[in-house]
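One structure is given below, encoded as structure tokens.
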Amino acid sequence: MIPDRVTLVDVGPRDGLQNEKQPVDTAVKIDLVHRLQAAGLREIEVTSYVSPKWVPQMADNAQVMAGIQRVAGNRYSVLVPNMLGLQAALAGGDATRPDEVVVFGAASQAFSRRNINCSIEESIERFAPVVAAALAAGLKVRSAISCAVGCPYQGEVTPDEVEHLVKLFKQIGVQHCGVADTIGVGTPRKVQAAMERALKHYPVSEVSGHFHDTYGQALANIYACLELGIHTFDTSVAGLGGCPYAKGATGNVATEDVVFMLQGMGIDTGIDLDALVDAGGYISGVLGRPPMSRAGKALLTKRAQVEA
Ligand code: HMG
Ligand code: MG
């Protein structure tokens with residue numbers, strides 16, 4: 001059942017940087033995307049078209065999209081919370097057009113209200129025309145289901161609550177189901193229970209996992225997903241990330257750590273770990289801190305020892 005090839009979607013430029021208090025230059029964001037694709041990432045979540053009042057760091061969305069030099073065949077995605085966001089994402093024509101948009105809801109009502117200022121049901125009403133318009137424009141549409149195994153406001157979240165949102169997204173035409181542990185409280189069996197609900201409605205090729213690593217469970221959770229045959233994961237270079245509306249949650253699982261684990265298991269990702277570690281070192285340097293990736297740190301230390 002364990003897949004022999006895994007696709008990683010680096011969400012660092014979006015999930016990673018959205019949580020940074022210090023303004024990050026547009027040129028740095030563009031450079032980060034370039035470094036990730038040079039390391040072999042074929043799917044990159046570049047930015048989000050959300051309200052700049054809610055998330056000021058993503059206000060340069062169109063400039064970032066316009067500035068990236070694309071690699072043919074790669075998939076560049078952006079988050080859109082509503083029709084205004086989709087229209088903004090499409091306004092620049094081919095120069096800024098994403099290949100994929102992500103609509104994001106939550107399995108818990110409380111998180112839905114905090115993150116996108118509406119109930120789950122209202123979010124689906126809001127997303128339905130967005131999904132239809134995105135599909136009509138030829139974009140792929142992916143969902144993110146936040147708080148699939150726990151919510152910072154509600155606490156426990158049940159697989160039934162996850163399946164409820166999976167079904168609603170499916171009904172409005174969303175093509176891919178992303179299951180997210182926003183606050184990193186998931187453990188392998190709980191994660192499998194949530195994933196199994198997604199797999200009831202989507203083929204395994206259209207289900208992915210998105211794990212924040214607050215409690216150090218993300219690699220175990222990814223392994224638990226591999227056992228179900230799931231072979232697509234969101235990860236974040238240098239372990240950047242967080243959601244401004246999920247206080248206390250830390251970054252996504254680091255892309256470097258996941259690549260190290262998968263390589264060790266003989267699973268192909270198409271990613272050059274050395275180049276990825278450089279990308280992680282670059283963005284961590286800009287942000288003024290060491291990479292939050294254990295593998296990244298270890299490999300940089302080893303490199304320094306060899307050079308000394
Ligand atoms: P609202 O205030 O209810 O929206 O926010 P509104 O429709 O009443 O509009 C209020 C103002 O926002 C208006 O401007 C709109 O024009 C503007 P004003 O008239 O006051 O000047 N506005 C926008 N501007 C730019 N782009 C837009 C947009 N929409 C409205 N798209 C809204 C509702 C959804 C917009 C807001 O709550 C929002 O932007 N939320 C986004 C929060 C966010 O980005 N969270 C982080 C991403 S999700 C995440 O990290 C989780 C994930 O990683 C998975 C996981 O880990 O769980 C994906
Ligand atoms: Mg996230």
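Taking the C-alpha atoms of the chain, how large are the radius of gyration and the largest Cα-Cα span, Dmax, in Å?
17.8, 60
With viscosity set to 1.306 mPa s and temperature to 10 °C, compute the Stokes-Einstein D of the range 159-308, Rh being the Kirkwood radius across alpha carbon pairs; µm²/s, no decimals.
Answer from the Stokes-Einstein relation: 98 µm²/s.
How big, on average over all directions, is the shadow cast by the Cα convex hull of the range 1-102, in nm²?
Computed as one quarter of the Cα hull surface, the answer is 7.3 nm².
Cβ under 13 Å from His201's Cβ, His201 left aside: what net charge do those residues give with Lys, Arg +1 and Asp, Glu -1?
Net charge around His201: +1.
Convert 10 °C to kelvin, take the viscosity as 1.306 mPa s, use the Kirkwood radius over C-alpha pairs of the range 74-164 as Rh, and evaluate the Stokes-Einstein diffusion coefficient in µm²/s, rounded to a whole number.
The diffusion coefficient I find is 115 µm²/s.
Quick one: putting +1 on the C-beta of Lys and Arg, -1 on the C-beta of Asp and Glu, what dipole do you get for the chain around its Cα centre, in Debye to the nearest 20?
Magnitude of the dipole: close to 360 debye.
Quick check: residue separation of Ala193 and Ala27 times 0.36 nm, minus the Cα distance between them. What number comes out in nm?
Computed gain between Ala193 and Ala27 is 55.6 nm.
What residues from the range 100-120 fall in the zone where the backbone N is under 20 Å from a label point 7 Å along the Cα-to-C-beta line of Lys53?
Those under the cut-off are 112-119.
Take Leu135 and Gln69, extend 7 Å from each Cα along the Cα→Cβ direction, and tell me the distance between the two endpoints in nm.
Here the modelled spin labels are 3.7 nm apart.
Percentage of Cα-Cα pair distances in the range 186-227 greater than 15 Å, rounded to whole percent?
For the range 186-227, the fraction of Cα-Cα distances above 15 Å is 35 percent.
Quick check: pseudo-label points 7 Å beyond the Cα along Cα→Cβ at Met83 and Arg5, how many nm apart are they?
4.0 nm
Every number here is computed from the coordinates shown, using simple stated rules; none is lab data. Quick caveat: nothing in here was measured; it's all calculated off a predicted structure. Neighbour counts run over all protein chains shown; Cβ positions are idealised from the backbone, glycine included.
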